[in-house]
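Below is one structure; the comments refer to it alone.
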Protein chains: 8
Amino acid sequence: MEKKPIVAILMGSKSDLSLMRPACEILEAFEVEYELRVLSAHRTPERTSDFATKARKRGIQVVICAAGGAAHLAGVVAGLTTLPVIGVPLARTPLAGQDALLATVQMPTGIPVATVAVDGAANAAILAAQILGLNNPAVEKMVENMRAANLAKVIADDEELNGGS
Amino acid sequence: MEKKPIVAILMGSKSDLSLMRPACEILEAFEVEYELRVLSAHRTPERTSDFATKARKRGIQVVICAAGGAAHLAGVVAGLTTLPVIGVPLARTPLAGQDALLATVQMPTGIPVATVAVDGAANAAILAAQILGLNNPAVEKMVENMRAANLAKVIADDEELNGGS
Amino acid sequence: MEKKPIVAILMGSKSDLSLMRPACEILEAFEVEYELRVLSAHRTPERTSDFATKARKRGIQVVICAAGGAAHLAGVVAGLTTLPVIGVPLARTPLAGQDALLATVQMPTGIPVATVAVDGAANAAILAAQILGLNNPAVEKMVENMRAANLAKVIADDEELNGGS
Amino acid sequence: MEKKPIVAILMGSKSDLSLMRPACEILEAFEVEYELRVLSAHRTPERTSDFATKARKRGIQVVICAAGGAAHLAGVVAGLTTLPVIGVPLARTPLAGQDALLATVQMPTGIPVATVAVDGAANAAILAAQILGLNNPAVEKMVENMRAANLAKVIADDEELNGGS
Amino acid sequence: MEKKPIVAILMGSKSDLSLMRPACEILEAFEVEYELRVLSAHRTPERTSDFATKARKRGIQVVICAAGGAAHLAGVVAGLTTLPVIGVPLARTPLAGQDALLATVQMPTGIPVATVAVDGAANAAILAAQILGLNNPAVEKMVENMRAANLAKVIADDEELNGGS
Amino acid sequence: MEKKPIVAILMGSKSDLSLMRPACEILEAFEVEYELRVLSAHRTPERTSDFATKARKRGIQVVICAAGGAAHLAGVVAGLTTLPVIGVPLARTPLAGQDALLATVQMPTGIPVATVAVDGAANAAILAAQILGLNNPAVEKMVENMRAANLAKVIADDEELNGGS
Amino acid sequence: MEKKPIVAILMGSKSDLSLMRPACEILEAFEVEYELRVLSAHRTPERTSDFATKARKRGIQVVICAAGGAAHLAGVVAGLTTLPVIGVPLARTPLAGQDALLATVQMPTGIPVATVAVDGAANAAILAAQILGLNNPAVEKMVENMRAANLAKVIADDEELNGGS
Amino acid sequence: MEKKPIVAILMGSKSDLSLMRPACEILEAFEVEYELRVLSAHRTPERTSDFATKARKRGIQVVICAAGGAAHLAGVVAGLTTLPVIGVPLARTPLAGQDALLATVQMPTGIPVATVAVDGAANAAILAAQILGLNNPAVEKMVENMRAANLAKVIADDEELNGGS
């Protein structure tokens, strides 16, 4: 990777990788450079802090944080940077993501986390691209193309089902 | 207002205004031009659609949407623009915001809404500022100053409580 | 299909089709003409809007909308027509339909959605038939026959289990 | 009241009346004749059964049933008539309507209840009017007028807030 | 069955039978005569009403009612008899029994349902036996024996695990 | 009180008394002798155990246990007696009785608790009377009279509301 | 305060103080030295980290952390010390503490937080005393005395209510 | 086992053993002597009481209690000893551990249970070790080593994923 990453995808454990793959695929499709990190708010607090405090200087513009259970990763990172932080609550406990959703979204005043749906990795990447797209016409175009493709697919499905009616 | 707004705050009903005041105050403190709209996904669908499809062209960079109950406003707007859309679920029914939270955050793949806490108007504005700050050093500085002020306040409270310990 | 449809079944994604099959089967059994559409409140907002605003003129009398997650389809359609709109919340996320239920039923004053059970496709079709039956004795008769058949089946089951007691 | 009622509003207890007033006001505004009944699925099962089995013959076209807690009224009535039954879950216990919502909406296959929001009396009346409007242009016109008035109000609120922006 | 049943087990659908088997087995082990009925509050309201109003005269002393979703069976039966009615909420929808639990337990003042755990068929039978045991020493003895057997089993398990400690 | 109590009402704290008054009033109206105890599963485990193991011998036939939060009182008593135990979950924490409901009703196989609604003291007393009524015609008559009075009241309310319609 | 604190009570905001007073009062009654800190996982991450990494060396033996919403304080502190950390979820949002409970208790493997009830400040202090009591007979005695006093109070209440029965 | 156990792991049923294995493995790895007991708050109340009242004298310092459903074991034990009691809510019913969590954590003032995550057996053992570690440097070292190993593993995973970035 010669180009510098502008998005960072953080996950609390390597076992979250399969759930986060869709985010990677979308960023790749959008030709957005990203880095993938395993950083735990609880197990590697210093590395997490180090990442968060240096991210902006390193050129990162959006941070995506995925975690399950008492998901603290997004909140902890958000407290250490003024970059936009996107939280992906993962359904990894018997409580089916309800825990991760509340632990991610209910942040106190002053430190927002932009939360997407439970297991919503793809949308985290798209949201990142929409943010980047404000000042990056190429990325913005990619988002629009994806929208157009989705539109076309729904129309095709509609026509297939709806026949000649 | 001579300067053009770059943030739009949409609410489903004028009665949401008191809950959204903190967002206005923060954007004013940050010297971010914004507009305040009453637009309902259900009662004024065409005006909402009109707003959403023209927002980018008009110079809007971030849209904040607040709604309670089956909160569809953020999702509907998000489907009509590639601007980042921030959703604020409001606790306006006996279900205490649980309905608005799920109706805002659980968006399908392709159309993310950056969801903040229930009744989290202030954080919606701060998140908007963090997004704008990626390309607007003045706004980014404002966010940092607010962080520093919050930090100072917590430290002062800590020292007051903790005395000479 | 020469006869014109009087019920429309909308789903947010073609992948919802298997969950909605029971609605189709019931309408077919009741000899109610229907059309099946894939229309997304978020991915194809204009087509959805187009459908909703023209549905009454085209002879549609009841619209059934099925969606999962932050299920907005029924609400968006309901905002664009005064036809009765029936919402079917689908259990398609880790939150098991709780999200879709609240996002469908908790509509604001002015725009009701007649909500049925999570994954309740069959009941959506029966409710549509009951509404149509107010002015269509043949359909009303079909509903009564189904009721009678259900009654007979429960009685048969009861007698099988209860034996000669 | 010389004209015969075409909508019946049932509530489980007279104490539900204040919560159901909005339904009455809307039907009156729409010039829809209705009757108001206190009928309990549990305390007056026979009267409830008597009402439900005779409603259609008496000219009732839509039944609205409101109840809190383990809200069975709508379901019981729905089992005894093929008229469309609209359920209004009321927030009358410490569980804040979550109980009434699930007890109303999660009906078994064969017996749908068209459920509206918790404490959603107004929407129950509007839904009833939308159903009646399929064959009653005057009522349909009333619904459209209400929609137009709501639209105008939201626009007025929007313009008031949005000023000359 | 020559002896007359003193317990009735009602279920809303024959498909509930496998979940209710444990209740049957316990009553058989306790030598309590019971009858098994398929009666639906919604699909066979008259048969259900007929059962409930005649149960006491027929010698039934306790009624066990099992249902899922918007579980109304126990409540409806309880409204029609002053016999103790035990409700078994079944986990038969995507909401995992939360709907059936609330629809069974949250009964209005005047008409209690003695609710046991979700899918708690065995406990419904034991509770019935405890009620019968107030005036039937043989059944009471059976309950005590079962308790003693459970005690012995837990002790055996404890000693197996705990070894000589 | 010369007559010996046949129902015991247990509460975890004297502060629960106001919530349990309706149970007392109903038992008094039904002329059922009862005793009122403050016994805590956690704070007075031995007294609770002493009560439970001796209750049957002392002539108690039904035990009503009320508790909030992690409501263990009913379950603990139920483990120590084969008398029927009725649990009343109280809404005494910010979780509004959801905690007490689950902690009371979800008992393991072998030890049922007959659970009534959150804050359902009155229904606990009525259920106790229904159980006693199996062998006490006077009490059974009292329950029937109460039902008849409730019926009459609902009919009176119905006629008042429904007037000459 | 000459003696060195052995318990630290941390709260995310000075406004939590009133909810945490019961913890202070209990530790004072138990003659356990404590310190009171306002430290926010998000607003003062460095001070929080500094506190947590030095707490053991400074003689702190148990840390109590109170926070509402997406309550991260206990988890963040727990990741930075091997001292036992007790979490107190506070009911400070419209979600009534359900958010704070899940965000506190659902910690990932490796980093436990000893969670007490929502708004359970008093129990956090008692739990701290029980932990300290393992090696501090004076504190252990205090806990036993409190238990005895609670026992006496329940007995007094019981005798007052139960009279001469 | 010649050494005397200082931790006791209690479970309500032998079938909980597989869920509690991780606690055993951690204590073994930490060289902490423990005993494993099957004790039911409801099925073996006396043995449970006997265990709890004698545990401290026998040298037990921390008690871990695991139970599902209306999980009373931890609370009952906590009421009978002033040793720290750790509760592990198990997901063993259709309600997925939500019942066990609330029944374990929402203890009344005076009797805390240190609750860990649903199915959080490993963390219960680690918390026990952290408590023991206050006065046992060897155990405290073990916890620190585990932390260091977890840290190393996350770093290795991070480096594997992150490549040379």
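Summary table below
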quantity	calculated
Proximal charge balance of G:Ala66 [Cβ under 13 Å; K/R count +1, D/E count -1]	+2
Residues whose placed amide H lies under 5 Å from that of A:Arg56, excluding near-sequence neighbours	none
Apportionment of accessible area to carbon and sulfur, the protein assembly as shown, percent (1.4 Å)	52
Region D:17-70, Rg to Rh (Cα coordinates; Rh as Kirkwood inverse mean 1/r)	0.98
Estimated D of region B:6-48 in µm² per second, where Rh is the Kirkwood radius over Cα pairs and Stokes-Einstein applies at 37 °C, 0.692 mPa s	300
Computed E for E:Asn135/A:Ala152 - FRET, C-beta separation, R0 56 angstrom, nearest 0.05	0.15
In sequence order, calculated HN-Hα J values of region B:26-37 (Karplus, 6.51, -1.76, 1.60; Hz; x Gly/Pro)	5, 5, 5, 4, 7, 6, 9, 5, 9, 10, 10, 10
Net charge over other residues, Cβ less than 11 angstrom from the Cβ of G:Gly110 (K, R count +1; D, E count -1)	+3
³J(HN,Hα) computed for each position of region E:14-24 - Karplus, 6.51 cos²θ - 1.76 cosθ + 1.60, integer Hz, glycine/proline x	4, 5, 7, 4, 4, 5, 9, 3, x, 5, 4
9 Å beta-carbon shell around A:Val7, net charge (K/R +1, D/E -1)	-2
Normalised contact order of chain C, rounded percent, pairs of Cα under 8 Å and 6 or more residues apart	21
Within region C:32-55, backbone nitrogen closer than 18 Å to the virtual label 7 Å beyond the Cα of B:Glu46 toward Cβ	C:45-55
Cα convex hull volume per residue for region C:110-165 (Å³)	121
Scaled radius of gyration (Cα, divided by 2.2 N^0.38 Å) that chain E gives	1.10
Amide H contacts under 5 Å for F:Leu36, placed H, 5+ residues apart	F:Ile9
Span from the region C:25-49 Cα centroid across to the region A:1-36 one, whole angstrom	37
Phi-based couplings in Hz for region H:96-106 (Karplus 6.51, -1.76, 1.60; Gly and Pro marked x)	6, x, 4, 5, 5, 4, 5, 5, 8, 8, 7
For E:Gly87, residues with placed amide H under 5 Å, excluding near neighbours	E:Cys65, E:Ala114, E:Thr115, E:Val116
Reference-scaled alpha-carbon Rg (2.2 N^0.38 Å with N residues) for the protein assembly as shown	0.92
Cross-link table E:Lys57/F:Lys4; B:Lys153/G:Lys4; F:Lys14/G:Lys153; A:Lys153/C:Lys14; B:Lys153/G:Lys57, entries beyond 19 Å C-alpha to C-alpha	E:Lys57/F:Lys4; B:Lys153/G:Lys4; B:Lys153/G:Lys57
Coordinate range along principal axes, alpha carbons of region B:66-162, Å, largest first	44, 38, 18
Under the Debye formula (equal points on every Cα, no solvent term), log10 I(q)/I(0) of region A:95-136 at q = 0.15, 0.26 Å⁻¹	-0.45, -0.93
Taking N as its residue count, the alpha carbon Rg of region B:44-104 over 2.2 N^0.38 Å	1.15
Separation of the D:Lys57 and G:Glu25 label points, Cα + 7 Å toward Cβ, nm	6.7
Cβ nearest the rotation axis (A onto F), residue from chain A and distance to the nearest whole Å	A:Gln98, 7
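The values are calculated or read from the model by the stated rules, or taken from the named source; none is laboratory data. Computed from a predicted structure; not experimentally measured. Every residue, glycine among them, receives a Cβ derived from its backbone with ideal geometry; neighbour counts consider all protein chains shown. The protein model used for the area step is the full one, side chains on, heavy atoms only, and it has no ligands, DNA or RNA in it. Shrake-Rupley method; radii C 1.70, N 1.55, O 1.52, S 1.80 Å.
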